[in-house]
Amino acid sequence: MAVADFNQIRRSEHLPARIAAQIAREITEGRISAGEKLPTEHLLSKTFGVSRSVVREAIAHLRNEGLVETRQGVGAFATDIERRQSIRIEQENLSDKASFRSLFQLRLPLEIEAAGLAAIHHTSDDLLKLDEALSQMTGAAKWTDEGILADLAFHRQIAAATQNEYFLLFLGFVAERIHLAINAARASAVLEEIVEVTIAEHLAIRDAIASRQPNQARQAMHEHLVGAASRIELQLEIF
């Protein structure tokens, strides 16, 4: 299996991140006021010429950065300045391999621990949502950008299944930037191989969580993350 040259990450342009950056500028520069409702998913998808799933991913970026809050059945609203997160990692900063490796290194302990906690604390609804994400990853859309969005949704749902809102907050923030790794690996490897290997790794994680086996879940996540790093030629420090 071929592995990605890190330069591919530098060239990758992830559509949801680009759209989120444009909306973020509207918010931070005051053209969308605090408390103001963002346009609907339908209108944003028409404006940017993308699918609604891409718009939802962009809104997730903004939510994880504290720039918007979403209200079920109502929509997304710009947050007050004092409620916004002070931590920001600009996407272009991750074009530097050392910076990207540091972010991936942070992901390792957080996601391994999350997998173990999810195995203990997940609900039937959490498992249903994991299976929904897996279904999208393994269906006809697995070769497309929809498959990448499903991959990210799978990891966010594991964080949610910990029943610890801080895991969801921090891992959501990190995961939105790790999508570059998925793009780079897919672009540089034999797509059929990279997708099938990734699916198998996710299935192993899901099965361990569903069986409420925290040690196996942690091990499966460990193997997935190490494999994901190797596919983009990142050498992590493993202890």
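Values quoted throughout were computed directly from the atomic coordinates according to the rules given, and no laboratory measurement underlies them. None of the values given here were measured: they were computed from a predicted structure. FYI the Cβ positions are ideal-geometry reconstructions off the backbone, even for glycines, and counts take in every protein chain you see.
For an R0 of 25 angstrom, estimate the FRET efficiency from the Cβ-Cβ distance between Arg18 and Thr40 and round to the nearest 0.05. Display every interim value, and only then the final one.
Details: r = 20 Å, r/R0 = 0.79.
That pair, Arg18 with Thr40, gives E of 0.80.
Which order do the peptides 28-34, 53-59, 198-204, 221-227 come out in when sorted by mean C-beta neighbours inside 10 angstrom, highest first?
Details: 28-34: 12.4, 53-59: 22.7, 198-204: 17.1, 221-227: 18.7.
Top to bottom by mean Cβ count within 10 Å: 53-59, 221-227, 198-204, 28-34.
Working out 0.36 nm times the residue gap between Lys97 and Thr70, then minus their Cα-Cα distance, what length gain in nm do you get to one decimal? It would help to have the intermediate numbers written out before the result.
Working: separation 27, 0.36 × 27 = 9.72 nm, distance 3.32 nm.
My answer for the length gained is 6.4 nm.
Name all residues of region 100-141 having a backbone nitrogen under 17 Å from the label point set 7 Å from the Cα of Leu236 along its Cα→Cβ direction, giving them as ranges.
100-118
What list of ³J(HN,Hα) values in whole Hz, one per residue of region 119-127 in order, does the Karplus curve 6.51 cos²θ - 1.76 cosθ + 1.60 (θ = phi - 60°) give from phi, with Gly and Pro shown as x?
So the Karplus estimates, Gly and Pro as x, are 5, 7, 9, 4, 9, 5, 5, 4, 5 Hz.
Step through the residues of region 35-50 one at a time and calculate ³J(HN,Hα) from phi using the Karplus curve (6.51 cos²θ - 1.76 cosθ + 1.60, θ = phi - 60°), rounding each to whole Hz and writing x for Gly and Pro.
x, 6, 6, 6, x, 5, 4, 4, 5, 5, 5, 6, 4, 8, x, 10
Relative to the compact globular guide of 2.2 N^0.38 Å, what is the alpha carbon radius of gyration of region 12-83, as a ratio? Please report the intermediate quantities before stating the final value.
Working: Rg = 11.3 Å, N = 72, 2.2 N^0.38 = 11.2 Å.
Compared with the compact-globule rule of thumb, region 12-83 sits at 1.01.
Once phi is turned into θ = phi - 60°, what whole-Hz ³J(HN,Hα) does the Karplus curve with 6.51, -1.76 and 1.60 give for every residue of region 53-64, x standing for Gly and Pro?
So the Karplus estimates, Gly and Pro as x, are 5, 5, 4, 4, 5, 5, 5, 4, 3, 5, 5, 5 Hz.
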